[in-house]
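> This structure is in structure tokens; I'll ask about it shortly.
Read the figures in this text as sums done on the coordinates, not as results from a lab. All of these numbers come straight from a predicted model, not from anything done at the bench. Cβ atoms come from the backbone with ideal geometry, glycine included; neighbour counts cover every protein chain shown.
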Amino acid sequence: MPIPQLVDPFNRAVSYLRVSVTDRCDFRCFYCMSEDMTFLPKKELLTLEELDRMCSAFVDMGVTKLRITGGEPLVRKGIMTFFDSMSRHLASGALKELTLTTNASQLARFAQPLFDAGVRRINVSLDTLDEQKFKEITRWGRFGQVMDGVDAADKAGLKIKINMVALKGTNDDELHDMVAWCGARGFDLTMIEVMPMGDMGGVDRLEQYWPLCDVRKALESRWTVEDIALNTGGPAKYARIGETGGRVGFITPLTHNFCESCNRVRLTCTGQLFLCLGQEDEADLRAALRGFEGNEALNAAIIAAIARKPKGHDFDYSRQEIEGEVSRHMNHTGG
Ligand code: SAM
Ligand code: SF4
């Protein structure tokens, strides 16, 4: 019997799975983690073989795009085994894209093996080009190591998109430098609004919040910004910078709701499936995976979960207070 495809109650086909392969990270970005984060005991994590089985079940049900994230995916021990194994779905044509989001700290080592496994595009999170500011944002990160990683990825032939979280009072003065740098290096740039995730440790996200409509106005004061009809399968809206020819994407969960075209779900490293980044509702797939040798129970659990996918999230800063906040940290669900 053919396995049913994944369509949610709002008739959205789920074709994109993001997988957090670890909650651990070698950085402690202040908007993502507290400095003294406690991580999950290793035994809670899906093994690499279990991750393979889980992802393959989704691919069998019509997922065509797989993004590996975390935590920092490249600090997970043995992670290349997983990428190498997933490349069989690229070879068969079932999977159209295997990609990852990374802080680039380990790319000097992994860029070439990733390319060899079939990865062609990667997202690199980089909020600043200033070494000192980089230290303040990431707390533990080393800027030189990240730049080496970016260079290695470029050299290996990976297409790079830089993700920059727009942080008022932190990197707002670097917007033009970042656009110029990305343009010169041939990287796309995506701006992301800071989201009210995690415990926030007394940090006021409203203070940091720099709406992308304002970012856009700042861009237009210096560059020629033309909207383009590019759809990369994600929530970003794109524009082209006339002077550099580079593209800038805007991910606006707060100023513009993008839920109506949502095609994705997120799997945590413990096998919980989140149907929406901004809602607490989750489905435990690990029990169905571990309890049975065949995939029948797992497939049924996936289908039942997709049938519960909510219409959208409720993040809202518009009344000058944070609403719709979720207590999970981004490294748990995978950004
Ligand atoms: N460690 C990898 C990295 O940094 O690229 C992958 C995981 S990280 C959680 C994925 C993305 O989430 C990063 O681009 C990061 O900037 C973003 N992120 C983390 N916390 C966020 C928040 N509170 N609001 C918006 N974006 C956030
Ligand atoms: Fe680590 Fe990425 Fe979170 Fe920064 S944003 S702490 S690099 S998981």
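> Give me the angle, in degrees from 0 to 90, between the Cα long axis of helix 296-306 and the longest principal axis of the Cα atoms of the chain, rounded to the nearest 10.
40 degrees
> Among THR244, THR38, THR128, which one moves the most in a GNM of the chain with springs linking Cα atoms closer than 10 Å?
Comparing THR244, THR38, THR128 in a Gaussian network model of the chain, the most mobile one is THR38.
> So what's the angle, to the nearest 10 degrees on a 0 to 90 scale, between helix 48-60 and the longest Cα principal axis of the chain?
Long axis of 48-60 versus the principal axis of the chain: about 90 degrees.
> Using a basic spin-label model with each label point 7 Å from the Cα along Cα→Cβ, how many nm lie between ARG308 and SER34?
2.8 nm
> With both partners inside the chain, how many of the DSSP beta bridges are antiparallel, as a percent to the nearest 5?
Beta bridges within the chain, antiparallel portion: roughly 35 percent.
> Over all Cα pairs of the stretch 99-209, how is the pair count split among 5 Å bins, expressed in % and running from 0 up to the last occupied bin?
2, 11, 21, 23, 19, 12, 7, 3, 0
> Suppose every K and R has +1 on its Cβ and every D and E has -1 on its Cβ; what is the size of the dipole of the stretch 16-333 about the Cα centre, in Debye to the nearest 20?
Value, rounded to 20: 920 debye.
> Continuing with this model, one more query. Of LYS237/LYS309; LYS135/LYS159; LYS96/LYS311; LYS96/LYS309; LYS77/LYS168, which ones are farther than 28 Å apart at the Cα?
LYS77/LYS168
> Put +1 on the Cβ of each Lys and Arg and -1 on the Cβ of each Asp and Glu in the chain; which of LEU126, MET61, ALA287 then has its Cα farthest toward the positive end of the dipole?
The one lying farthest along the dipole's positive direction is MET61.
> Roughly speaking, what is the stretch gain from LYS135 to ALA229, that is 0.36 nm per residue apart minus the C-alpha to C-alpha distance, in nm to one decimal?
So the chain would gain 30.2 nm between LYS135 and ALA229.
> From Cα pairs below 8 angstrom and at least 6 apart in sequence, can you work out the relative contact order of the chain, rounded to a whole percent?
21 percent
> Applying the Karplus parametrisation 6.51 cos²θ - 1.76 cosθ + 1.60 with θ = phi - 60° to the phi angles of the stretch 32-38, what ³J(HN,Hα) value in whole Hz is obtained for each residue in order, glycine and proline being reported as x?
Values per residue, Gly and Pro as x: 10, 9, 7, 5, 9, 4, 9 Hz.
> Express the relative contact order of the stretch 56-139 as a whole percentage, based on alpha carbon pairs under 8 Å and six or more residues apart in sequence.
It comes to 31 percent, rounded to a whole number.
> Moving on to the next point. What aspartates and glutamates does LYS65 reach when the alpha-carbon gap must be under 16 Å and sequence neighbours fewer than 8 apart in one chain are set aside?
Leaving aside aspartates and glutamates fewer than 8 places away in the same chain, those within reach of LYS65 are ASP52, ASP84, GLU97.
> Looking at the chain, which Cys residues are left with no other cysteine's beta carbon under 4.7 Å from theirs?
CYS25, CYS55, CYS182, CYS213, CYS259, CYS262, CYS269, CYS276
> So what is the 222 nm mean residue ellipticity for the chain from helices alone, if each DSSP H run of at least 4 adds -39500 (n - 2.57) and you divide by all residues, rounding to the nearest 500 deg cm²/dmol?
Here the helix-only value at 222 nm equals -9000 deg cm²/dmol.
> Between GLU293, GLU282, GLU72, which gets the highest mean-square fluctuation from a Gaussian network model of the chain, Cα cutoff 10 Å?
GLU293
> To test your reading of the geometry: what angle, between 0 and 90 degrees and rounded to tens, separates the Cα axis of helix 175-185 from the longest principal axis of the chain?
70 degrees
> When all C-alpha to C-alpha distances in the stretch 16-333 are sorted into bins of 20 Å, what percent of pairs does each bin hold, rounded to whole numbers?
Per 20 Å bin, starting at 0, the Cα pair percentages come out as 32, 61, 7.
> For the chain, set up a Gaussian network in which alpha carbons nearer than 10 Å are linked by springs, and say which option among LEU51, LEU212, LEU129 fluctuates the most.
With Cα springs under 10 Å in the chain, the top fluctuation among LEU51, LEU212, LEU129 is at LEU129.
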